[in-house]
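**Q** Before I ask anything, here is the structure I am working with.
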Amino acid sequence: MRPGAVEREWAVPDWTVSIAISIWVTVKMAAPWILIGLLVSGLLYVYLPARFVRKAMGGAGLGAVLRAALVGAPLPLCSCGVIPTALYLRREGAGRGPVLSFLISTPETNVDSVAFTWALMGPLMAVARPLAAIISAVVAGTGEALFGAPDTHAEGKGECGCGLCQAGHSAGTGSKGGFCSALRYGAVTLMRDLAPWLVLGLGLAGVIGALVPPKFFEENNLGSGILPMLLMAAVAAPMYMCATASTPVAAALVAKGVSPGAALVLLLVGPATNIATMTTVGRFLGRRSLAIYLSAMLGTSLLLGFGLDALAGDRIAASVAELGGQNHGSPWLEAAMLGSTVAFLLLLANGLRLRLVTCWMAWRSRRNSAARPPAPADGVEPDCGSGCCQSVTRCEDEACESESHSDAPGSQASDDVQDHPGRGACPHCR
C-alpha cells in the first residue's frame, strides 16, 4: 500500500442484513408447512378424478355454484393455471355461474396456501381464508345465475389436454404411478410454477419486515378501516399474485399494523383477479359476467374484511406477533425445522432452474424462428403441414388463394394426392 493511503473497509449495509434475516425467519417458519402442502397437492392431482370435477359443475343452478366453489378450493391451480381448466369445464357444459365460482375459489385458496397461512398467521386466519374464498365464489356465481345473461351454451364433449383433465382420466386407470407421481408433481412440477412467485413474495415480506417501521401504518391512518382495504384491492386487482406467495406479504403487513381484514382483502382479490383472468372472463363469458365478477369480488372481500376485524381481528394480530417472535427451544424441533428449510430451499432452487430452462428454450425457439432463412427461389417450402403432401407452392398473386401442392422427393403419392384440388388450379401458380 502506498504511503499515506487510507485503507477502506468494505462492509455489508445493515439494511441488507436485516432483510436477509427477515426472509430467513419467514422461510424457517413456513418450510415444513409448505412441504406438507406440496405433498397433499400432489395427492389431489393424482387421485382426484376429473370426471368428478365435471359432474360437480354440471348445470347452472345454485347447487352447481356451491359445488364448484367446494371442488375448486383445494385444487393446486394458480391464477393463470385455472383459466384453461375453467374454459374446458365450460365447454363440457358448466354454466357461467359455476365457472365464475370455480375461477374465484380455486386460485384464492388451496392446500399449501392454507398450511402456509397457519404457519405465519395462526389457525384462525387459516380457517377464515378458505371460508372467505368459498363465500366470495358462491356470491359471484349466484350473482351470475340471478343477474347474468341467458345461458344458451350447448353442452359439448371434448378434451382440452390440460393437466387436471389428463390427471383425472389417467388416475382412474392408475397410469399416473401413484404416490411417486404425487411426490414428483408436488416437488417438481408445482414448485416449478410457484418458485418465482415464492421468491417474490418472500422478498417483499423481508423488505416490509426489515424496513417498514412498526407503527408506520397506524401513524398514517392505514391500519384499519375502509381506506387500507380499498388500497389493498386497488394494488392487488391487476397484478398476478399466487395464493401461496401472497401469504408472507399479508403476514408482514399485519405484523406492521395493518388489520387482518385488510390483509384478507389482499389474500382474496390478489390471487382471484388479474389482467389475464379479467380478459378471459370478458371474452368468453361476456362483459356482463365480467362486471358481476369484479363487483362481487370487491364487495364481498370488503364485507368479509370488516367482519373478520370485528370478530377476530385482535386475536389474529396477536397470533401473527406471537408466531413472528416464537423461539422453539427444543433441539429436535429446531433440527427438524432446519432440515425442512434446507429441503424447501433445494426444491425452490430446482424450481427456479427448471423455470429458467423453460424460458431459455422458448427464447431460443423464437430467436431461431426469427433467424430462419427465407424460402428458396422456387417458392417451395418443406413440410407444408398438409396431410396429403409435404411441400406447397403458394401463388404470388394476392388475389389468388389457391395452393399448388407437390410431393416431397422420394415420397410415394397416392391417387387422391395426385387429384388434390389445389394442384394447377391457378394459372399464376408455377
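**Q** Suppose the chain between SER365 and VAL127 were pulled fully straight at 0.36 nm per residue; how much longer would it get relative to their current alpha carbon spacing?
**A** On the way: separation 238, 0.36 × 238 = 85.68 nm, distance 4.52 nm.
My answer for the length gained is 81.2 nm.
**Q** May I ask you to compute the full-extension gain from ALA349 to ALA336, defined as 0.36 nm times their residue separation minus their alpha-carbon distance, rounded to one decimal in nm?
**A** Once the chain is fully extended between ALA349 and ALA336, it gains 2.7 nm.
**Q** With labels modelled as points extended 7 Å from the Cα through the Cβ direction, what inter-label distance (nm, one decimal) is found for VAL25 paired with ASP314?
**A** Inter-label distance under the simple model: 2.4 nm.
**Q** How long are the semi-axes of the equivalent ellipsoid of segment 246-288, defined as square roots of 5 times the Cα gyration tensor eigenvalues? Whole Å, largest first. Each step should come with its number before you reach the end.
**A** Working: eigenvalues 174, 17, 6 Å².
Calculated on Cα positions only, the semi-axes equal 29, 9, 5 Å.
**Q** For a quick check: with amide H placed at 1.01 Å from N, whose amide H comes under 5 Å from VAL258's, ignoring anything fewer than 5 positions away on the same chain?
**A** Result for VAL258 returns nothing.
**Q** What percent of all Cα-Cα pairs in segment 14-365 falls into each 20 Å bin, going from 0 up to the bin containing the maximum distance?
**A** 31, 57, 12, 0
**Q** With θ taken as phi - 60° and the coefficients 6.51, -1.76 and 1.60, list the Karplus ³J(HN,Hα) couplings across segment 194-211 in order, rounded to whole Hz; mark glycine and proline as x.
**A** Karplus values, whole Hz, x for Gly and Pro: 8, 3, x, 6, 5, 4, 5, x, 5, x, 5, 4, x, 5, 5, x, 8, 10.
**Q** Give, in nm to one decimal, the length gained when the segment between GLU218 and PHE179 is fully stretched (0.36 nm per residue of separation minus the Cα-Cα distance).
**A** Full-extension gain reported as 9.2 nm.
No lab work stands behind these numbers, since they all come straight from the coordinates. Because the structure is a prediction, the values reported are computed rather than measured. Here the Cβ is made from the backbone with ideal geometry for all residues, glycine too, and neighbour counts use every protein chain on show.
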